[in-house]
1. Taking region 203-223, which residues are touching a residue at least 24 places away in the same chain (Cβ under 8 Å), not aromatic (Phe, Trp, Tyr) and not in a strand (DSSP E or B)?
2. Could you check region 172-224 and list, in sequence order, the residues that are touching a Ser or Thr at 6+ places or on another chain (Cβ under 6 Å) and of a type in the set (A, V, I, L, M)?
3. If we keep just the residues of region 24-53 that are among the acidic types (Asp, Glu) and either part of a loop (DSSP other than H, G, I, E, B) or modelled with pLDDT under 95 (or both), which is surrounded by the most Cβ atoms within 10 Å (Cβ to Cβ)?
4. Quick one: how many residues across region 176-222 are among the aromatic types (Phe, Trp, Tyr), under 22 Å from the mean Cα position of the chain (by Cα) and at pLDDT 90 or above?
5. So which residues in region 11-23 are surrounded by 11 or more Cβ atoms within 10 Å (Cβ to Cβ), in contact (Cβ under 8 Å) with a residue 60 or more places away in the chain and out of contact with any strand residue (DSSP E or B) (no Cβ under 6 Å at 6 or more places or on another chain)?
6. So which residues in region 273-283 are in contact (Cβ under 8 Å) with a residue 24 or more places away in the chain and either among the aliphatic types (A, V, I, L, M) or crowded, with 22+ Cβ neighbours inside 10 Å (or both), if there are any at all?
7. Give me the helices (runs of 4 or more DSSP H) completely within region 430-547, filtered to those with at least 2 residues that are at pLDDT below 95, ordered by residue number.
8. Can you find, within region 284-300, the residue that is surrounded by the most Cβ atoms within 10 Å (Cβ to Cβ) among those that are on the phi < 0 side of the Ramachandran plot and not in a strand (DSSP E or B)?
Amino acid sequence: MKYQYPARPTVDRVEDWFGTRLPDPYAWLRNAKDPQVLDFVARENAFTDAYFSSRPLNEKIEQLKADKLPVLPRELIPWRNGFLSSVVEDGDYKVRVFNEKLEDVGGLPQVHALDGLQVFSASPCPANESIMALMVQHPGAARPSVALCDMDSRILLHEVHGVFSLCWSKGDGCLYYSSTKANSETQESHSVFYRYDPAAGAETVVYEDDSYAIFGQVYPSEDGAYVMAAVCQDYALARWVAIRTADGAAAVLTDKPVEWKYLDSLDGAHYFITVSEAERGAVIRVSGSGQTQVVLPESQRILDDGFSLNGELYILACQDVSSRLLSLKTGQEVPLPSPFGALSLAGRAKDGVFLRFESFLIPPSILRFDGSALTTAVAGSRAEYPDQVVEQHFAPSTGDGTPIPYYIVRKRDARPDGCAPVLMYAYGGYNISMPPSYQEMVTQVIVPKWVENGGIYVHCNLRGGNEYGPKWHEAGMAMNKRHCYEDFIGIAEQIIRDGWTRAGKIGIAGCSNGGLLMSALVTMRPDLWGCVIDSVPHTDMIHFAEDDRGPMYITEYGNPRESKEMFQYLLSYSPYHNVRKTDYPPTYIQTGELDNNVPPYHGKKFAARMQAENQSENPILLRVLAEGSHDRGKGEVFWRTIAEMQLFLEEHLKES
């Protein structure tokens, strides 16, 4: 049947862009608080409610809760006789207290001045453990804030808005953070770095930079002697400043933006991973005057991160999108639980460091590393899947033929008969790598369970990420952004050629920049997909630069105001502007009214235009979460949203 969607009025709005007259019939949806927009959202949500009313939604929710993975700490910060850590449970960030055995023993005391705020993380003062810095989000605010609290008296001491990064220094017991001032109209954005002394109740500026910056980041040295400030020009390049905590002196280490990753400072020198001088990464030693010396040359591995332990440095590296752990001193690899997996730093223990590991077939766990061996500190689910295999392949991008890596997870005895339902996930942007994961990020599908039920999972590593260094990122950003979409299509066509599935039997999922990916793919190649899950997407690539965070995103996508060439390039793939009268696959679009990253009008405008132009009998659904931010909701709303996404996938891939 062809669906009767709620009425979607249009307006006769036409803008002039470098001589191109560009209609924007759903421009009225930009004002989230307008009564007409509120009515539109209410009717769209009611339509989506009606769609799922005849599906087993409650049963699906119960199944999801029964299959829920153990909640693991994200990072472990020593506090009193145990640790603090943020966790994600039921779609919600929470701060929990863990004992020495890493058992969850409760939450933090409630500071009533922060009632109703989202708390992302907590960091205790090293000089006074009752003082704590909380990273919080005010409802509807575009940027997070830092709230300094006395947890014993439960009093808010100090709050600063617009903070993306903070750290305590062991050296002086002070809090360091940056605040970035942005103007979406002028596209100006600058960062100022502060130190707050809780003992004196005083805030001082320790470094101010007048160059363009989308945000600033701060990192403490383990010995407390320095705080490293990164003035981030974009999502890769930054100017680095070393702030000495003893006297507040700031030494500029780089006179131009470079692509470095801070490791630690040892014996008065600073250690970084650089990809500015070495595409795959090299470790350098930087003196206080800024002179550099290579201490680990470039190799075939991509260097990602690292840490110091007992005066030695260890490096987290990547080999064809899977993690490796190396000793800088010996150059040897530390054996990991699987050759296809993701390893990340998760905090410090008295006798080592904590690392988080997961793979497609191994659930997330916390490992302890003492400098010689890894042991399990907290195990995840103990389910095993010996009948499943993970393979890595490369497919030619449809644009320029570049080989693009992807993982395929399948049953060992699966045969390429073209019948298997396939779920594909990708991100492709912001210099972020997408290593193996046990759950698909958007729909929360547990990969081995999807495979156990007869499906095939495909994890794509598109250009735009950092899987192969800066050139891989640059090849998928700005005037190269279309490569991301061509990479994904190339992988889809390859798995069809290999016989694993067929057009119309492929489900695709993505969120945020990955939501832009989904939106572009459904308008570029609607014939390929059997189902599309499109979460918190950018879709209007002509007006995104006018959003509050526009200055943070133009470094990745380009600015349509910059030139006619840039405008035309963005317009060539802008999903909202490329919807046409054709047959579209089943599409579930989800956004949140409180999204502080991507305003909800992107999803609303795209859904309205898709519903108006779709010529097929496939449903185009819009789900707008009233209290949703840049997520799939929290608590029961989260479970309902995930259940809807998974039911939508299962139903339409089964039917195709």
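The values are calculated or read from the model by the stated rules, or taken from the named source; none is laboratory data. What you are looking at is a predicted structure, and each value in this text was computed from that prediction instead of being measured. Virtual Cβ from ideal backbone geometry, glycine too; neighbours counted across all protein chains shown.
1. Filtering region 203-223 for residues touching a residue at least 24 places away in the same chain (Cβ under 8 Å) gives 203-204, 206-207, 209, 211-223.
Cutting the leftovers down to not aromatic (Phe, Trp, Tyr) gives us 203-204, 206, 209, 211, 213-214, 216-218, 220-223.
Matches in region 203-223: Ser211, Ala213, Ile214, Ser221, Glu222, Asp223.
2. Passing the criteria: Ala182, Val192, Ala213, Ile214, Val218.
3. Looking only at region 24-53, we keep the residues that are among the acidic types (Asp, Glu), and these are 24, 34, 39, 44, 49.
In the following step, the residues that additionally are either part of a loop (DSSP other than H, G, I, E, B) or modelled with pLDDT under 95 (or both) were identified as 24, 34.
Details: Asp24: 20, Asp34: 12.
The selected residue is Asp24.
4. Residues flagged as among the aromatic types (Phe, Trp, Tyr), under 22 Å from the mean Cα position of the chain (by Cα) and at pLDDT 90 or above within region 176-222 amount to 2.
5. Within region 11-23, Trp17, Phe18, Thr20 qualify.
6. Those that are in contact (Cβ under 8 Å) with a residue 24 or more places away in the chain and either among the aliphatic types (A, V, I, L, M) or crowded, with 22+ Cβ neighbours inside 10 Å (or both): Ile273, Val275, Gly281, Val283.
7. It comes to 470-474.
8. Narrowing region 284-300 to residues on the phi < 0 side of the Ramachandran plot: 284-289, 291-300.
Still in the running and not in a strand (DSSP E or B): 287-289, 291, 297-300.
Working: Ser287: 13, Gly288: 15, Ser289: 7, Gln291: 11, Pro297: 10, Glu298: 18, Ser299: 15, Gln300: 8.
Applying the filter and picking the extreme gives Glu298.
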